1. When the residues of segment 103-157 are filtered to those that are hydroxyl-bearing (Ser, Thr, Tyr) and part of a loop (DSSP other than H, G, I, E, B), which remaining residue is most open to solvent (accessible area, probe 1.4 Å)?
2. May I ask you to say which residue of Tyr164, Tyr230, Tyr195 is of a type outside the set (Val, Ile, Thr), closer than 29 Å to Lys126 by Cβ, in contact (Cβ under 8 Å) with a residue 12 or more places away in the chain and touching a strand residue (DSSP E or B) at 6+ places or on another chain (Cβ under 8 Å)?
3. From the residues in segment 47-62 that are within 29 Å of Arg138 (Cβ to Cβ) and of a type in the set (S, T, N, Q), which one is most open to solvent (accessible area, probe 1.4 Å)?
4. Could you grab me the full set of residues in segment 169-220 that are among the hydroxyl-bearing types (Ser, Thr, Tyr), open to solvent by less than 10 Å² (accessible area, probe 1.4 Å) and part of a helix (DSSP H, G or I)?
5. So Leu259 ticks every box in (1) touching a residue at least 60 places away in the same chain (Cβ under 8 Å); (2) part of a loop (DSSP other than H, G, I, E, B); (3) open to solvent by 20 Å² or more (accessible area, probe 1.4 Å) but one. Which box is left unticked?
6. State all residues of segment 91-102 that are open to solvent by 20 Å² or more (accessible area, probe 1.4 Å) and either in a loop (DSSP other than H, G, I, E, B) or more than 18 Å from Thr185 (Cβ to Cβ) (or both); if no residue qualifies, say none.
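The values are calculated or read from the model by the stated rules, or taken from the named source; none is laboratory data. What you are looking at is a predicted structure, and each value in this text was computed from that prediction instead of being measured. Ideal geometry is used to build each Cβ from the backbone, glycine not excepted, and the neighbour counts take in all protein chains shown. Note: accessible area is taken over every heavy atom of the protein model, side chains too, but ligands, DNA and RNA are not part of it. Shrake-Rupley method; radii C 1.70, N 1.55, O 1.52, S 1.80 Å.
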Amino acid sequence: MNRRTLVLLAALAWTPFVHAQQVIRLSTTTSTENSGLLAHLLPAFEAKTGTKVHVISVGTGKALELAKNGDVDVTLVHARAAEDKFVAEGYGVDRRDVMYNDFIVAGPIADPARVKGSKDVIAAFKTIAASGARFISRGDNSGTDLMEKSYWKLAGTQPAAGKYISAGLGMGEVLTMAAELQAYTLTDRATYGAYKSKTGLAVLVEGDSKMFNPYGIIAVNPARHPGVNYKGAKLLIDWITSAEGQQKIASFRPAGQQLFFPSAR
């Protein structure tokens, strides 16, 4: 190795982003992937840091399980109670708020349950159950699935057998299924926006404060899993919650509509 190479390597060692390994493994929800947000965000981060982010897009429950097992370095999810439990049990560190969007009830334009315009999601769920209309649940322990289950619990009812379909699928597939079966479903607004033209489903219930949907990012605890790329995870956390990362989230506006709103403090 010649002297010039040694000098260059020494200089690079002082570059703040070179300390991260070349690949950062991120588990995250289908909403961040299906909406196109990650395709908008990650190239800027990768270009700045010289790293590559390998994305595993699943439901929140599975994303946290992958992080719990040390199969990823960092996780970006939306289920605050589950996130807090994950950190409290020592599996995650450095949790930060990142952004928020909201849930909506989508369904056929004909709206057989007559819930369009309602801003009370619990009342709407009761009406859907009583109407005999079909409802498609993700059924995958995702953040959306957990929120939907909490609504049915508050409603004290659920659609009759045969009318409630637990799909065990991601949000995009569930929206497609709801369109095919002319059924209702709970979805995040971002994924709905990405699939609207494909499904023809309408936004029928929105605006209830219970439908607020915050996202958090958490590094896997290196004390639990010494082999994880904690430096890379911290780089991603610091960038996505920085002024640059937050502005990049705000600038994601497919068809001119802002789908995610920065919330890092």
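1. Checking each candidate, the answer is Thr157.
2. Tyr164
3. This residue is Ser57.
4. Start the filter on segment 169-220 by keeping residues that are among the hydroxyl-bearing types (Ser, Thr, Tyr), which leaves 176, 184-185, 187, 191-192, 195, 197, 199, 209, 215.
Adding the requirement that they be open to solvent by less than 10 Å² (accessible area, probe 1.4 Å) leaves 184-185, 187, 191, 215.
Hit for segment 169-220 is Thr191, nothing else.
5. The failed condition is (3).
6. Hits for segment 91-102 are Tyr91, Val93, Asp94, Arg95, Arg96, Asp97, Tyr100.
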